[in-house]
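S.K.: After the structure tokens below, expect a handful of questions from me.
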Amino acid sequence: MFQPLSGTVTVTQLASGTEQAGGDPVVLQVGDDGAFSVSVPPGRYSLVGASPSVGGVGCTGGPVLVSAGRSVSVDVECPLP
């Protein structure tokens with residue numbers, strides 16, 4: 001079961017063929033409804049969430065592949081205490 005959480009999501013483009021950061025991260029604020037949106041160029045991305053509701057435990061989504069002209073929906077999941 002999913003429960004929306006407020007906090008932040010950090011989106012980082014991954015270097016081609018690796019799981020290493022290949023660009024500057026973008027930090028997004030996430031409202032109480034848990035929704036966020038960002039426009040990024042095509043590529044692979046890592047998403048890492050943080051919420052005071054889970055006490056700093058890492059929240060993850062991805063890696064995600066974004067294609068030109070396409071939208072992608074991603075759930076960033078946090079383990080609830």
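The values are calculated or read from the model by the stated rules, or taken from the named source; none is laboratory data. Since this is a predicted model, take the numbers as computed values, not measurements. All Cβ positions, glycine included, derive from the backbone under ideal geometry; neighbour counts span all protein chains shown.
S.K.: Looking for whichever is surrounded by 15 or more Cβ atoms within 10 Å (Cβ to Cβ) and aliphatic (A, V, I, L, M) here; the options are Val11, Val27, Val72. Which one fits?
M.R.: Val11
S.K.: Still on this structure: Would you check which residues across region 11-35 are of a type in the set (Ser, Thr, Tyr) and assigned to a loop (DSSP other than H, G, I, E, B) and list them?
M.R.: Within region 11-35, Ser16, Thr18 qualify.
S.K.: Which of (1) in contact with an Asp or Glu (Cβ under 9 Å, 6 or more places away or on another chain); (2) assigned to a strand (DSSP E or B) does Thr8 not meet, given it meets every other one?
M.R.: In the conditions (1) in contact with an Asp or Glu (Cβ under 9 Å, 6 or more places away or on another chain); (2) assigned to a strand (DSSP E or B), Thr8 misses (1) alone.
S.K.: Do we find that Val40 is modelled with pLDDT of 90 or more, in a loop (DSSP other than H, G, I, E, B), touching a Gly at 6+ places or on another chain (Cβ under 8 Å) and of a type in the set (A, V, I, L, M, F, W, C) in this structure?
M.R.: no
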